[in-house]
Amino acid sequence: MKSTHSMVSQVQDYLATRRQMGFHLAIAGRQLLAFARFTDRTGHRGPVTFELAVRWAQSSPRATRLTWARRLELLRPFTKYRSQFDAGTEIVPRTFFGPAHRRLIPHIYTEQEIACLLQAASSLPPVGGLRPLTYHTLFGLLAVTGLRFSEALNLKPQDVALEHALLTVRQTKFRKSRLVPLHPTTAAALKRYAEARQRKLGGVNIEAFFVSDRGKPLAERTVHHTFQKLRAQMGWVARGGHAAPRIHDLRHTFICHGMLRSYRQQQPIDNMIDALSTYVGHAKVSDTYWYVTATPELMAVAAQRFAEFVEGGAR
């Protein structure tokens, strides 16, 4: 392997090696290939240099130190790999632009906002088409299960066992699969959608549970675009660190609302967080705590429960 090879070929070699070891590298792979194309366009030849890495990091349309730091963090494993074959490779320092991770406060939806979202989705065109029911059911499922967005889109008809009120989520993050029990009302909503899909599409071969009016799997970009239009239509203003409410915030909301219910029901919080972490597919409990936001409602009930504990009224 020579340093005169294009950077694209070097990145492809790295990705192939890592994926053979079981790493998925979906987002990282796209970003590394973007780095490689940037490098080859500039005419750079030879090993990765720190100066090259910084130029690519700062070429992002989002000119923030956090974005630059994340780009350098993504390059670091690649430069360590390349240093085995080219001693001139400069390993990217870990914190040149500061920390690559910081938690922006998510938008925690109120129940009224979720209801408005579902109502707006039901009003999407075409009238009488499958699209309004698809988006109503999809956003509703995300709100009441905390599924990852990709997990919901990747569901296949055989993954939705309506007779058992059970979802099978296959090979998602960290290549884990899990069973997701459903509330009877959620199972009923999915059944209504499946029946409507069958009536409207008939014998069309269905590859995904959630499909377009033509029976095709929904594209992530299309769903995000539709959500953005609904968000603008409702005039939502973000509460938190992001520019606008996101689909992913439904997952944050599910976890916060789950904790709030547990506090109100006087459930042991340690037991609840273990169950919640398993339900949403986290590898460790600390990942679930990352999703918890100190909303006024949650802090109020937690403070009340702590006061009862101090006074000896709760154990």
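A few points about this structure:
- Between residue 58 and residue 164, the FRET efficiency from the beta-carbon distance, with R0 = 45 Å, is close to 0.30.
- Highest-fluctuation residue, 129, 241, 203 considered, GNM on the chain with Cα pairs under 10 Å: 203
- Compactness index (Cα Rg / 2.2 N^0.38 Å), region 111-234: 1.01
- Centroid-to-centroid separation of region 48-65 and region 113-162 [C-alpha atoms, Å]: 38 Å
- Label-zone membership for region 220-259, site residue 103, 7 angstrom Cα→C-beta point, backbone N under 18 Å: 239-243, 246, 248-259
- Between amide H atoms placed 1.01 Å from N, distances below 5 Å from residue 58 occur with no residue 5 or more places distant or on a separate chain.
- Full-extension gain in nm, residue 96 to residue 219, via 0.36 nm per residue minus C-alpha separation: 40.7 nm
- For region 162-315, alpha-carbon Rg relative to the globular expectation (2.2 N^0.38 Å, N residues): 1.30
- Panel note: the C-alpha atoms of region 249-310, placed on their principal axes, show extents of 33, 22, 17 Å (largest first).
- Under DSSP loop assignment and at most 12 Cβ neighbours within 10 Å, longest GluC sites (Glu not before Pro)-free interval of the chain: 1-206
- Selected from 217, 181, 61 as most flexible by GNM, with the chain as the system and alpha-carbon contacts under 10 Å: 61
- Coordinate range along principal axes, alpha carbons of the chain, Å, largest first: 64, 62, 38
- According to the Cα-based calculation, Rg over Rh for region 1-135 is 1.18, with Rh computed by the Kirkwood formula.
Bear in mind that the values in this text are calculations on the coordinates, not laboratory data. Please read these numbers as outputs of a predicted model, since none were measured by experiment. Cβ atoms come from the backbone with ideal geometry, glycine included; neighbour counts cover every protein chain shown.
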